[in-house]
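The structure appears right after this line, and notes come after that.
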Amino acid sequence: MCLLVPVLAEYGKFRKTAEKAFNWIAGGGISFILAEAFGLSFWTTYAGQIGTWLQLLFEFIGWIFVLVGVLWALTEMAKK
């Protein structure tokens, strides 16, 4: 879903008002994909809890990116 938001913003012609904010949201989506990759990788099955901790870490980073992006987009769009 986080990767779809910048595409819909581009389609709606308002991505240019807060382009960096939508880049942060897309970065959060990529971080979520990386978190799921750690959840499905051999780190979870063979290395014990390393994959689980890495999954939680990148999910947290993803939420921070999305939060920063959304707040930034709100402030930029409120200015215009």
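In region 60-80, the residues that are under 30 Å from Phe38 (Cβ atoms) reach residues that are among the hydroxyl-bearing types (Ser, Thr, Tyr) with C-beta atoms within less than 9 angstrom, at least six apart or across chains, in these pairs: Phe60/Ser31; Ile61/Ser31; Gly62/Ser31; Trp63/Ser31; Ile64/Ser31; Phe65/Ser31; Val66/Ser31; Ala73/Thr17. Being surrounded by fewer than 17 Cβ atoms within 10 Å (Cβ to Cβ) and at pLDDT below 95 is the filter here, so list the residues in region 54-69 that pass it. If the condition is that a residue be surrounded by fewer than 17 Cβ atoms within 10 Å (Cβ to Cβ) and at pLDDT below 95, then Leu56, Leu57 are the ones that fit. Considering only residues in region 1-19 that are touching a residue at least 60 places away in the same chain (Cβ under 8 Å) and under 15 Å from Leu71 (Cβ atoms), the one that is surrounded by the fewest Cβ atoms within 10 Å (Cβ to Cβ) turns out to be Thr17.
With respect to the stated conditions, Phe22 fails to be in contact with a Leu (Cβ under 6 Å, 6 or more places away or on another chain), surrounded by 14 or more Cβ atoms within 10 Å (Cβ to Cβ) and either among the aromatic types (Phe, Trp, Tyr) or free of Cβ contacts under 8 Å to residues at least 12 places away in the same chain (or both).
The values are calculated or read from the model by the stated rules, or taken from the named source; none is laboratory data. Since the structure is predicted, the reported quantities are computational estimates derived from the model, not experimental observations. FYI the Cβ positions are ideal-geometry reconstructions off the backbone, even for glycines, and counts take in every protein chain you see.
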